[in-house]
Amino acid sequence: MSRYRRSKRGDTEDIESRLEAVRRSPHKNRRKRSNIGPTIFGILVVVGIIGVIYLIYTSVTGGQNEASRKTVTVTVKRGDTLSSVAEKLDRSGVIPSAFTFKLQARFEGESAEIKPGSYRFQRGESTGKILKTLTANRPAPTFSIVIPEGLTLKQTAQEVARQSDISEKSFEKAARKTDYSYAFLNHPQIKTTEGFLFPKKYDFKKGATARQVVDRLLDQYLIETQNLDLPQAEKRLNLSEYQILTVASLIERESANPRERPIIASVIYNRLHKGMPLQIDATVQYALGKPKAELSLKDLKVNSPYNTYEHKGLPPGPIDSPSLDSIKAAANPAKTDYLYYVLKKNGKEHYFTSNYQDFLRAKAKAGR
């Protein structure tokens, strides 16, 4: 099954070239065109051919369909050339042909006047109007949001509210829905977007809605993971993508440094294979709904499917949105026989052991 399904799309943010590539239409001609000929006659012939192709294109597609009327943001960076801007516009679906756009820009003398900034365009907009916008330097006002690694859905909502005009309540409401057009949300266990709100810095157009922000974060999860070969990892680990993401969320909270992540993953899988409870404090904290420096015996008895002291196996879903490194570690764990770990006094790394007696000795050494 495809991990990406776009039967419906909201007003998303076209920020990175990789995101633009994910949205390519299969009906577009992606071939790179040759340069125009040295003579006016040659130019006119090429323009005529392009015109015929464009007429065929519009007759086949029915002109501007509903998707073509959607708006996208295209970012022009300092140093971008006319060609690179045309390619961005083409990839994002704003224009049907980068070649004809460049040709018209050169005829109109606008090729050197494009200014950097973030611009808002409607798909299917006329080339003349696009050029006027780019050369008038009226970029769409934007705002930035930074989503740190390892946040829960609720914590993400708080960060979004702190950094924007979007309320915590509206973001949380949007993030607790799963009716976004992504196949990876189709798993029957998935009830919210918890775990999929990818941590990163984002730029949004002023006035963006909570749903548009959530959709953008989901887009980024797809982009970041599309080259990980998760289907192969699912077969190898006998887990669903959602379960692998759940493991990644545990790794995110448990690892003391990036190097440890594949080792932490190996401990989790080793305990699962032996039928041992995971006994991960972070899952209890998630069940309690708040972080605690020290968990009490009463806390460890909390009645929740996320309590991995009371319930064997993985929790029902992710406990945070993990980093790409944690997802990689969950999909590709180290090969060890470790079953236990305990944080060293320095708080920067763990002792790992293969048996309980060594674990007790490591625990004493760590002063715990």
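A compact table of results
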read-out: Qualifying residue in region 277-297 (condition: crowded, with 20+ Cβ neighbours inside 10 Å and in contact (Cβ under 8 Å) with a residue 40 or more places away in the chain); value: yes
read-out: Any pair with Cβ under 7 angstrom, 6 or more apart, that starts in region 119-132 at a residue that is crowded, with 21+ Cβ neighbours inside 10 Å and ends at one that is assigned to a strand (DSSP E or B) and aliphatic (A, V, I, L, M); value: Tyr119/Val74; Tyr119/Val76; Phe121/Val72; Phe121/Val74
read-out: From the options Ser304, Ser323, residue that is in contact with a His (Cβ under 9 Å, 6 or more places away or on another chain) and small (Gly, Ala, Ser); value: Ser304
read-out: Residues located in region 168-191, provided they are more than 26 Å from Thr75 (Cα to Cα), without any contact (Cβ under 8 Å) to a residue 60 or more places away in the chain and not aliphatic (A, V, I, L, M); value: Glu168, Lys169, Ser170, Glu172, Lys173, Arg176, Lys177, Thr178, Asp179, His187, Pro188
read-out: Test: Lys102 is under 26 Å from Lys206 (Cβ atoms) and basic (Lys, Arg); value: no
read-out: Among (1) free of Cβ contacts under 8 Å to residues at least 12 places away in the same chain; (2) assigned by TED's automatic domain parsing to the domain that holds Thr152 - the single one Gln232 does not satisfy; value: (2)
read-out: Members of region 350-362 found to be over 38 Å from the mean Cα position of the chain (by Cα) and in contact (Cβ under 8 Å) with a residue 12 or more places away in the chain, listed by number; value: Asn355, Tyr356, Asp358, Ala362
read-out: Subset of region 168-206 [more than 13 Å from the chain's Cα centre (by Cα) and of a type in the set (Gly, Ala, Ser)]; value: Ser170, Ala174, Ala175, Ser181, Ala183
read-out: The lone exception for Lys328 - which of (1) in a loop (DSSP other than H, G, I, E, B); (2) within 30 Å of Ile223 (Cβ to Cβ); (3) in contact (Cβ under 8 Å) with a residue 12 or more places away in the chain; (4) not β-branched (Val, Ile, Thr) it fails; value: (1)
read-out: Per-region count, region 338-350, residues surrounded by fewer than 18 Cβ atoms within 10 Å (Cβ to Cβ) and at pLDDT 95 or above; value: 0
read-out: Qualifying residue in region 192-212 (condition: of a type outside the set (A, V, I, L, M), in a helix (DSSP H, G or I) and surrounded by fewer than 16 Cβ atoms within 10 Å (Cβ to Cβ)); value: no
read-out: Failed item, numbered, when Asn270 is tested on (1) at pLDDT 95 or above; (2) out of contact with any helix residue (DSSP H, G or I) (no Cβ under 9 Å at 6 or more places or on another chain); (3) farther than 15 Å from Ala334 by Cβ; value: (3)
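The values are calculated or read from the model by the stated rules, or taken from the named source; none is laboratory data. In this text the structure is predicted, and so the values were computed from the model without any measurement. With ideal geometry, Cβ positions are generated from the backbone for all residues, glycine too; neighbour counts draw on all protein chains shown.
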